[in-house]
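Colleague: The structure that follows is given in the form of structure tokens.
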Amino acid sequence: MNFLSRKLWIVGGLSLALGACGAKRVAPSQQYSLGSARAEYRDYTGAKANICEAEPRWLSDELSGVNGLLARFLSSTEQAKDPKAAEYAQQVALLKEASGSLGKVLDVHQANLKAVQSCAFAKSGAFPELTKRGTELVEMSRTRLVEATAVAAVEAAQAKWNEEAPQREQTARQTWCAKNPEIGSTDVYYARKFADGRTEWLFCDGHIVQSVKGGEQSLVSPEGLSAKDKRKVKAPRYYEAARGWPAEEIDTQPDLSGTSAPAQSSSSGGN
């Protein structure tokens, strides 16, 4: 091999080597939003890229960003099982939004957290805490997503309950009320409790006792009562009748606390 051929061979070999070094696979950045939260992440496994070749500071920021999004998701959905909570509707909406998209992000984040533990910088800087906290957040987020399935099932049950409630009320009235009930008779024929805690007792004479959060009662009279009929109405008697109605016979709207179906005994009796 002459000098020129040897030189070309060496240069060619170096070029191939440098080319191989420069051909590192790069995982593309992906943006994810959930509610008002935003985070950037990279699917290193999917891109067949080596996460250990990432710039540690940037990688730390990415992992931290996803951890922050998950923490915010968890704090913003912790009351999604409590219909009485002030932000119940918003939290349920966020949980439903997450159920359709967050799973993929959790898979990628979990894989990244596992892969980064084999990197030379895994035990330096913020990485130990990031991976530990991230693993916890992924697990808690997966559990929270399971609740989204329960929320959907309860919403379907509530819709069915709402649809069938008028018929149950009508059946109870026809069963337990006289054709022309006397005003002031305080005969309860039907009671219902909503998922947010509101309860109503319906009386044959058209009156309704309502109980809101805290148990405070109020009496709602039917429209068009004459002055004579109004004198017959004694609110304490209605309240007493409502309190005496058996709790197990209240037609209860399904919720996530454990009630799965409306009570069937609510139309089976009257005072």
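The values are calculated or read from the model by the stated rules, or taken from the named source; none is laboratory data. Note that the structure is predicted; figures quoted are calculated from it, not measured. With ideal geometry, Cβ positions are generated from the backbone for all residues, glycine too; neighbour counts draw on all protein chains shown. The accessibility values were calculated without ligands, DNA or RNA, using every heavy atom of the protein model including side chains. Shrake-Rupley method; radii C 1.70, N 1.55, O 1.52, S 1.80 Å.
Colleague: Scanning the range 198-248 for residues that are within 14 Å of Ile183 (Cα to Cα) and polar (S, T, N, Q), which turns out surrounded by the fewest Cβ atoms within 10 Å (Cβ to Cβ)?
Modeller: If we filter the range 198-248 for residues that are within 14 Å of Ile183 (Cα to Cα), which is where we start, we get 202-208, 219-235, 237-238.
Then keep just the ones that are polar (S, T, N, Q); that gives 221, 226.
On the way: Ser221: 16, Ser226: 9.
Top of the filtered list is Ser226.
Colleague: Looking only at the range 156-185, count every residue that is modelled with pLDDT of 95 or more, of a type in the set (Ser, Thr, Tyr) and surrounded by 16 or more Cβ atoms within 10 Å (Cβ to Cβ) and tell me the total.
Modeller: 0
Colleague: Can you name the residue in the range 36-89 that is acidic (Asp, Glu) and within 17 Å of Leu130 (Cβ to Cβ) and, of all such residues, is least open to solvent (accessible area, probe 1.4 Å)?
Modeller: So in the range 36-89, the residues acidic (Asp, Glu) come out as 40, 43, 53, 55, 61-62, 78, 82, 87.
From what is left, the residues that are within 17 Å of Leu130 (Cβ to Cβ) are 40, 55, 61-62.
On the way: Glu40: 68, Glu55: 75, Asp61: 94, Glu62: 22 Å².
Among those residues, the one meeting the criterion is Glu62.
Colleague: Test Ser15 against the stated conditions and say whether it is over 19 Å from Leu106 (Cβ atoms), open to solvent by 40 Å² or more (accessible area, probe 1.4 Å) and either modelled with pLDDT under 85 or not β-branched (Val, Ile, Thr) (or both). Walk me through how you get there before you give the answer.
Modeller: Values: over 19 Å from Leu106 (Cβ atoms): yes; open to solvent by 40 Å² or more (accessible area, probe 1.4 Å): yes; either modelled with pLDDT under 85 or not β-branched (Val, Ile, Thr) (or both): yes.
Spelling it out, Ser15 is indeed over 19 Å from Leu106 (Cβ atoms), open to solvent by 40 Å² or more (accessible area, probe 1.4 Å) and either modelled with pLDDT under 85 or not β-branched (Val, Ile, Thr) (or both).
Colleague: If I filter the range 139-155 down to residues being touching a residue at least 12 places away in the same chain (Cβ under 8 Å) and aliphatic (A, V, I, L, M), which single residue comes out as most open to solvent (accessible area, probe 1.4 Å)?
Modeller: Out of the qualifying residues, it is Met140.
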